[in-house]
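One structure is given below, encoded as structure tokens.
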Amino acid sequence: MDISLTDRFREKVKNASKILFFTGAGISAESGIPTFRGKDGIWNKLKPEELANFNAFLKNPDMVWNWYQHRRSIIHESQPNAGHIAIREFEKVFNEVTVVTQNVDNLHRRAGSKVVYELHGNIEKNYCIQCKKRYDDPSLAFIDSVPKCSECGGLIRPDVVWFGEMLPQDVFRISENAADLCDICFIVGTSSVVYPAAYIPITAKSSGAFLVEINIASTEISDQVDQSYFGKSGEILPDLLKAIMDERRN
Ligand code: BJW
Ligand code: ZN
């Protein structure tokens, strides 16, 4: 794909040193991991209020656990795609590259990105709902019914952020700080409807960052960005990286 940069974007690229990627489920779609919303999204078939909240887990722990187990097995089989890899490669071009992701799939880390902040947790990790003891051994993911804590007998839940729950405050604060300081913020594969995560690009913009959106469709944030690229992130990001490298060399 022919990627062209506007004059303003080119200017930003030349002078930028701090880059932030704000990513969502769309970046992992080409790895075979379903998104949440949209035509093929999982919320089309399954209701978030019956699965992605604490009360649903208390009401039917095995069902919720099994749903996560099913998703873990998909993630386990998947590999980072060209989009994740391109984001890692941006580290060769800019001094500071921060990835703030809403994804729980660990694919940015598996792709080798060095600074990754997970706003909604990590599906490979777990903790006890009573005593908060951590259970990060991935083999737990393959147990059929919800496991119980060895210390207190409490139910063990996936370490993800459900609706109505606070995001990990330290992770959110450090992400907001990175958004405040970045020169360019790339918004990749997210519908930008879930808060407070969706404040990240808004914070970046209000601190003067240039916003670039990469998505197959327009989103809630499209009218606020400086530049949009419509297409698959696994196709756009490698070409965009190339165009940016050329610009930095000149
Ligand atoms: C491609 C592509 C390709 C496809 N290439 N692109 C009103 C205002 C503000 C807040 C609220 C509000 N009403 C309710 C709230 C609160 C709620 C919220 O935001 N709800 C909105 C949905 C309305 N937020 C919360 O509850 C949060 N907590 C909170 O607010 O706490 C405060 C509080 C606590 C206690 C008391 C009082 C207050 C927590 C939110 C947690 C979200 N959790 C989930 C599940 C995580 C666990 C799991 O994985 O199971 O996180 S929901 C789900 O949505 C998941 C995602 O991280 C998140 C965002 O979705 P994302 O990544 O954007 O995916 P999609 O599917 O929406 O979009 C995919 C995009 O990719 C699309 O745009 C496609 O076009 C694109 N795409 N293929 C490029 N190849
Ligand atoms: Zn416990």
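The values are calculated or read from the model by the stated rules, or taken from the named source; none is laboratory data. Because the structure is a prediction, the values reported are computed rather than measured. As a convention, Cβ positions derive from the backbone with ideal geometry for all residues, glycine included, and neighbour counts pool all protein chains shown. Surface accessibility is based on the protein's heavy atoms, side chains included, excluding ligands, DNA and RNA. Shrake-Rupley method; radii C 1.70, N 1.55, O 1.52, S 1.80 Å.
If you go through the range 95-142 one residue at a time, how many are within 16 Å of ligand 2 (Cβ to nearest atom) and either open to solvent by 10 Å² or more (accessible area, probe 1.4 Å) or within 10 Å of the chain's Cα centre (by Cα) (or both)?
Selection size over the range 95-142: 12.
Can you name the residue in the range 153-176 that is in a loop (DSSP other than H, G, I, E, B) and open to solvent by less than 30 Å² (accessible area, probe 1.4 Å) and is also farthest from ligand 1 (Cβ to nearest atom) among such residues?
Within the range 153-176, the first condition is being in a loop (DSSP other than H, G, I, E, B), and the residues that meet it are 153-154, 161-168.
Subsequent filtering for residues that are open to solvent by less than 30 Å² (accessible area, probe 1.4 Å) retains 154, 162, 167.
Values: GLY154: 20, TRP162: 6, LEU167: 6 Å.
Checked the range 153-176; the qualifying residue farthest from ligand 1 (Cβ to nearest atom) is GLY154.
Can we say LYS232 is basic (Lys, Arg) and over 24 Å from ARG88 (Cβ atoms)?
no
Mind checking which pairs have a first residue in the range 215-231 that is charged (D, E, K, R) and a second that is assigned to a strand (DSSP E or B), Cβ under 8 Å, 6 or more apart or different chains?
ASP226/PHE210; ASP226/LEU211; ASP226/VAL212
Under 9 Å between Cβ atoms, at least 6 apart or on separate chains: pull out the pairs that start in the range 148-159 with a residue that is more than 9 Å from ligand 2 (Cβ to nearest atom) and end on any residue that is acidic (Asp, Glu) and not in a strand (DSSP E or B).
Every condition considered, the pairs that remain are ASP159/ASP136.
Being within 12 Å of ligand 1 (Cβ to nearest atom) and of a type in the set (Val, Ile, Thr) is the requirement here; does VAL115 meet it?
So VAL115 fails the test.
Given the residues ALA217, ALA204, ALA197, ALA179, which is the only one that is under 20 Å from GLY26 (Cβ atoms), surrounded by fewer than 17 Cβ atoms within 10 Å (Cβ to Cβ) and under 20 Å from the mean Cα position of the chain (by Cα)?
None of the other options fit; the residue is ALA217.
Tell me, which residue of the range 64-94 that is under 23 Å from ASP137 (Cβ atoms) and among the charged types (D, E, K, R) is surrounded by the fewest Cβ atoms within 10 Å (Cβ to Cβ)?
My answer is GLU77.
Is it the case that some residue within the range 46-63 is in contact with a helix residue (DSSP H, G or I) (Cβ under 6 Å, 6 or more places away or on another chain), surrounded by fewer than 18 Cβ atoms within 10 Å (Cβ to Cβ) and without any contact (Cβ under 8 Å) to a residue 40 or more places away in the chain?
yes
Can you tell me which residues in the range 1-40 are of a type in the set (Val, Ile, Thr) and not in a loop (DSSP other than H, G, I, E, B)?
Residues satisfying the conditions are VAL13, ILE19, THR23, ILE27.
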